[in-house]
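Visitor: Dropping a structure here in structure tokens format, bear with me for questions.
The values are calculated or read from the model by the stated rules, or taken from the named source; none is laboratory data. The structure presented is a predicted model; accordingly, all values stated were derived computationally and were not measured. Note: ideal-geometry Cβ built from the backbone for every residue, glycine included; neighbour counts use all protein chains shown. Ligands, DNA and RNA are stripped out before the accessible areas are found, and what is left, the full protein with its side chains, is counted by its heavy atoms. Shrake-Rupley method; radii C 1.70, N 1.55, O 1.52, S 1.80 Å.
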Amino acid sequence: MFQKPEKKWTKVLSQPFEKQSKFLNKICKVNRRDALILNERYFDGLSFPLVGEIVELVQKVIAAGEFDPSFRDLILDRLLRVIGIEELYPEDYEDGNECNGDDDNVIFGENYHVYTACYDDLDILVNFINSTDGISNLCDLGSGSGRALFYLAMKVKKELNYLGLELVDERVKFTNEISKYFSLDNVRFQTCDFLEDPQAFHGYDAYYLYDSVGTENVPHLIGHFKNLIDDGQKFYLFFISGWDEIMLSALNELDGLKLVEGNDSHKQEGRVVNIYQTL
Ligand SMILES: C[S@@+](CC[C@H](N)C(=O)[O-])C[C@H]1O[C@@H](n2cnc3c(N)ncnc32)[C@H](O)[C@@H]1O
């Protein structure tokens, strides 16, 4: 008889590493067309803390060389339920997901991953937040599919309040559904144009930015940060650059803000994971 996924995983996680790895390889397979095949039934009905433990296991199995690392982010996305989101990013998406008619699901390629930071880069932020006092809330300006906030909420070892502000209402609905699914009262998303409504992000201990505005709007957003600094607000600013040199220069030159940690991005050469702090 089929065992409930939560029960099955709990059992697997209590077993020796060898058995855990074997189970993971049984439910996540890479086919001859280099597509990831997931046995879907083991990815639903899981609690958020259990997902956190499974993510640790996936990372352990990959570190042991027992699973192809290039599929790690797709597996983590599925565990966090940040999937099926191509329709939320319509203009650049061409190939749809292809289902093979049963419980398994085939996921192709990178697709929307251009819009989001990689988990390795987010780990830099996780480590910083875990080792820094005084961060009790964080605002993602342009939260998109929510991938960054859900990952942070899972990995950060303290209970922060997270707010994602996002222009596209469908993305907000999608991300709030995930929060509801996992009963995450501390992770919420709001439809908002943060350029027009800077009050919406006033008073946070930390801000996260990943290519949130077009280059033409960089001065507008930087102006809001300048106002926060001039008002005496103290905060951290996490900036992961996908392409945005103009935002990077503007942050580096913003009076009252200093770079406390500069890292190379794991995702793209020449890109950065920068952590700033107000003086
Ligand atoms: C590149 S995505 C980043 C997604 C997310 N932060 C992550 O790291 O996974 C940028 C998002 O910012 C949103 N955005 C752009 N301008 C905005 C604005 N003025 N107010 C709110 N959201 C905005 C876009 O709709 C898009 O979903």
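Visitor: If we scan region 233-242, do we find a residue that is within 16 Å of the ligand (Cβ to nearest atom), in contact with a Phe, Trp or Tyr (Cβ under 9 Å, 6 or more places away or on another chain), more than 25 Å from SER131 (Cβ to Cβ) and among the polar types (S, T, N, Q)? Let's see the steps before the verdict.
Guide: Within region 233-242, the first condition is being within 16 Å of the ligand (Cβ to nearest atom), and the residues that meet it are 236-242.
Next, only the ones that are in contact with a Phe, Trp or Tyr (Cβ under 9 Å, 6 or more places away or on another chain) stay: 236-242.
Subsequent filtering for residues that are more than 25 Å from SER131 (Cβ to Cβ) retains 242.
Remaining after also requiring among the polar types (S, T, N, Q): none.
Scanning region 233-242 turns up no residue that is within 16 Å of the ligand (Cβ to nearest atom), in contact with a Phe, Trp or Tyr (Cβ under 9 Å, 6 or more places away or on another chain), more than 25 Å from SER131 (Cβ to Cβ) and among the polar types (S, T, N, Q).
Visitor: Conditions first: (1) open to solvent by 30 Å² or more (accessible area, probe 1.4 Å); (2) under 21 Å from the mean Cα position of the chain (by Cα); (3) more than 23 Å from TYR162 (Cα to Cα). TYR236 passes all but one, so which condition is the exception?
Guide: Going through (1) open to solvent by 30 Å² or more (accessible area, probe 1.4 Å); (2) under 21 Å from the mean Cα position of the chain (by Cα); (3) more than 23 Å from TYR162 (Cα to Cα) one by one, TYR236 breaks only (3).
Visitor: Another question, if that's okay. Is region 187-195 home to any residue that is closer than 30 Å to LEU57 by Cα, assigned by TED's automatic domain parsing to the domain that holds ASN130 and either in a loop (DSSP other than H, G, I, E, B) or away from the ligand (no atom under 12 Å from the Cβ) (or both)? First the steps, then the outcome.
Guide: Initially, region 187-195 is screened for residues closer than 30 Å to LEU57 by Cα, giving 187-189.
Within this subset, residues satisfying the condition of being assigned by TED's automatic domain parsing to the domain that holds ASN130 are 187-189.
Next, from what is left, pick out any that are either in a loop (DSSP other than H, G, I, E, B) or away from the ligand (no atom under 12 Å from the Cβ) (or both): 187-188.
Yes.
Visitor: Filter region 196-205 down to the residues that are of a type outside the set (Ser, Thr, Tyr), touching a residue at least 24 places away in the same chain (Cβ under 8 Å) and within 15 Å of the ligand (Cβ to nearest atom) and list them by number. Write out each step before concluding.
Guide: Within region 196-205, the subset of a type outside the set (Ser, Thr, Tyr) is 196-203, 205.
Now drop any that are not touching a residue at least 24 places away in the same chain (Cβ under 8 Å), which leaves 198, 200-203, 205.
Residues satisfying the conditions are PRO198, ALA200, PHE201, HIS202.
Visitor: Yes or no: region 39-51 includes at least one residue that is surrounded by fewer than 16 Cβ atoms within 10 Å (Cβ to Cβ), part of a helix (DSSP H, G or I) and at pLDDT 95 or above.
Guide: Yes, that holds for at least one residue.
Visitor: Could you please tell me which pairs satisfy a Cβ distance under 8 Å, a separation of 6+ or placement on different chains, a first residue in region 163-175 that is closer than 9 Å to PHE189 by Cα and in contact (Cβ under 8 Å) with a residue 12 or more places away in the chain, and a second residue that is within 9 Å of the ligand (Cβ to nearest atom) and of a type in the set (Asp, Glu)?
Guide: Listed pairs, sorted by first residue: LEU163/ASP140; GLY164/ASP140; LEU165/ASP140; VAL172/GLU166; THR175/GLU166.
Visitor: Hey, any hits in region 134-155 for a residue that's open to solvent by 20 Å² or more (accessible area, probe 1.4 Å), in a loop (DSSP other than H, G, I, E, B) and away from the ligand (no atom under 12 Å from the Cβ)?
Guide: Yes - at least one qualifying residue is present in region 134-155.
Visitor: Go through region 19-38 and give me each residue that's touching a strand residue (DSSP E or B) at 6+ places or on another chain (Cβ under 7 Å) and open to solvent by less than 40 Å² (accessible area, probe 1.4 Å). Walk me through it before giving the result.
Guide: We begin by selecting, within region 19-38, every residue touching a strand residue (DSSP E or B) at 6+ places or on another chain (Cβ under 7 Å); these are 27-31, 35-38.
Passing the criteria: ILE27, CYS28, ALA35, LEU36, ILE37, LEU38.
Visitor: Of everything in region 60-108 that's loosely packed, with under 12 Cβ neighbours inside 10 Å and at pLDDT 95 or above, which residue is nearest to the chain's Cα centre (by Cα)?
Guide: Here the residue is ALA63.
Visitor: Something else: Filter region 206-216 down to residues that are over 14 Å from SER241 (Cβ atoms) and either near the ligand (Cβ under 7 Å from one of its atoms) or among the aliphatic types (A, V, I, L, M) (or both), then give me how many there are.
Guide: 1
Visitor: Within region 191-214, how many residues turn out to be surrounded by fewer than 17 Cβ atoms within 10 Å (Cβ to Cβ) and under 19 Å from the mean Cα position of the chain (by Cα)?
Guide: 1
Visitor: Select from region 169-190 the residues that are hydrophobic (A, V, I, L, M, F, W, C) and in contact with a helix residue (DSSP H, G or I) (Cβ under 8 Å, 6 or more places away or on another chain) and write down the one among them that is most open to solvent (accessible area, probe 1.4 Å).
Guide: First, pick out the residues of region 169-190 that are hydrophobic (A, V, I, L, M, F, W, C): 172, 174, 178, 182, 184, 187, 189.
Subset that is in contact with a helix residue (DSSP H, G or I) (Cβ under 8 Å, 6 or more places away or on another chain): 174, 178, 182, 184, 187, 189.
Numbers: PHE174: 45, ILE178: 9, PHE182: 16, LEU184: 23, VAL187: 3, PHE189: 12 Å².
Among those that are hydrophobic (A, V, I, L, M, F, W, C) and in contact with a helix residue (DSSP H, G or I) (Cβ under 8 Å, 6 or more places away or on another chain), it is PHE174.
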